[in-house]
1. Exactly one condition in (1) part of a loop (DSSP other than H, G, I, E, B); (2) β-branched (Val, Ile, Thr); (3) modelled with pLDDT under 95 is not met by THR47; state its number.
2. Out of curiosity, is ALA218 surrounded by 16 or more Cβ atoms within 10 Å (Cβ to Cβ) and more than 20 Å from GLY294 (Cα to Cα)?
3. Would you say ALA241 is within 30 Å of PRO69 (Cβ to Cβ) and not aromatic (Phe, Trp, Tyr)?
4. Condition first: in contact (Cβ under 8 Å) with a residue 60 or more places away in the chain and either β-branched (Val, Ile, Thr) or surrounded by fewer than 20 Cβ atoms within 10 Å (Cβ to Cβ) (or both). Now tell me which residues in segment 246-258 satisfy that.
5. So how many residues does segment 199-208 have that are of a type outside the set (Phe, Trp, Tyr) and in contact with a Leu (Cβ under 8 Å, 6 or more places away or on another chain)?
6. Within segment 206-253, which residues are under 26 Å from SER196 (Cβ atoms) and among the β-branched types (Val, Ile, Thr)?
7. With VAL300, VAL288 as the choices, which residue is closer than 21 Å to SER133 by Cβ, part of a strand (DSSP E or B) and touching a residue at least 60 places away in the same chain (Cβ under 8 Å)?
8. Can you name every residue in segment 105-133 that is within 30 Å of VAL202 (Cβ to Cβ) and either of a type in the set (Lys, Arg) or touching a strand residue (DSSP E or B) at 6+ places or on another chain (Cβ under 6 Å) (or both)?
Amino acid sequence: MKTKWLTVFAGAVTAVVLVSLAMGFAAPDGSVGDKPTASSTPSASETATSKPKPTADPAPDPARAALAPESVRGVWPGRPGKASVKGKKVNWCPAVRITGEADAVRVFGAKAVDAAACEAVRFVFEKRYSRLSLPRQSYKPSNFDFVLPSLSSTTATQIYQPRINAFVANPGSTAARDELGLVLLRGEGKRGKYASAGLGRVYYGKAYTTRGYRGRAAWINPKWSTVSISVDYSKAQPRIAAKFTAQASVPVFNTAKKRDEMLTVATSATYFLRHGGGTAWSIGGWTVTTNTLGFFPLRVN
């Protein structure tokens, strides 16, 4: 199994794949590049009316770029209506739909299969897309503690913890970053006191802090496809393979147009889940393809 990386902004996003064939993890295939996607390229009408590109991007507006707007307050703004919130927790399960589950239902039972699909979606939006995604210069091993309970014990202790330690020791290493299974955003240098998000955009607030997202969501507009379920018989105990696509957007500020925008990051993934009995599941491995779709005017679904 191979995962192909498609990254379009210079340092804007590094999405990661944990590498271990024994545990069902896949090695990255391809390279990280700087080529913009079509969504970040001006259309013909925009090109005809736009002014010549300046030699340097305008400086960020200090007031506008200091804090993400009110529209992105709350828990996962733009989430599907069926994904209800209690306190600060989202119940994703009512909004999860599955297909191809007949074999898995025969092996594990219908309730367990539904729970596995829900756990895979929950992992994406509570671990892979998280506040830890916001750019920072250094990390502590404890920053990743929130991921460990979702992993099988073998994956957590034998594979994931050593990779956390390697990344914390050298956060500038793309290889170490690429082994954590999370979307981690990198500021491409600084623009004034802000971290650059690439192509004239900046992350809100003082660079490499979360101040610009205080009281705001780091990610908005979660979307995902129907989850395709199958049984993986490659291990001693059967596992569920949950395959689906997903996306979410992080609010950013456009320094040239002085407006709020969002950087949309998409995921195609297969998660391999180990059954813990009943409706309990843990993540034992995955393959991931990530694509930064581009910058868009900020809009909460």
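The values are calculated or read from the model by the stated rules, or taken from the named source; none is laboratory data. Fair warning: this is a prediction, and the values are worked out from it, not measured in the lab. Please note: Cβ atoms are built from the backbone with ideal geometry, for glycine as well, and neighbour counts cover all protein chains shown. Surface accessibility is based on the protein's heavy atoms, side chains included, excluding ligands, DNA and RNA. Shrake-Rupley method; radii C 1.70, N 1.55, O 1.52, S 1.80 Å.
1. (1)
2. For ALA218, the condition - surrounded by 16 or more Cβ atoms within 10 Å (Cβ to Cβ) and more than 20 Å from GLY294 (Cα to Cα) - is not met.
3. Values: within 30 Å of PRO69 (Cβ to Cβ): no; not aromatic (Phe, Trp, Tyr): yes.
The answer is no for ALA241.
4. VAL250, THR255, ALA256, LYS258, listed by residue number.
5. Kept after step one, since they are of a type outside the set (Phe, Trp, Tyr), are these residues of segment 199-208: 199-202, 205-207.
Now drop any that are not in contact with a Leu (Cβ under 8 Å, 6 or more places away or on another chain), which leaves 201, 205.
Residues in segment 199-208 being of a type outside the set (Phe, Trp, Tyr) and in contact with a Leu (Cβ under 8 Å, 6 or more places away or on another chain): 2 in total.
6. Here is the first cut: in segment 206-253, the ones under 26 Å from SER196 (Cβ atoms) are 206-222, 246-253.
Correct list: THR209, THR210, ILE220, VAL250, VAL252.
7. Numbers: VAL300 fails: part of a strand (DSSP E or B).
None of the other options fit; the residue is VAL288.
8. Here is the first cut: in segment 105-133, the ones within 30 Å of VAL202 (Cβ to Cβ) are 123-133.
Result: PHE123, VAL124, PHE125, LYS127, ARG128, TYR129, ARG131, SER133.
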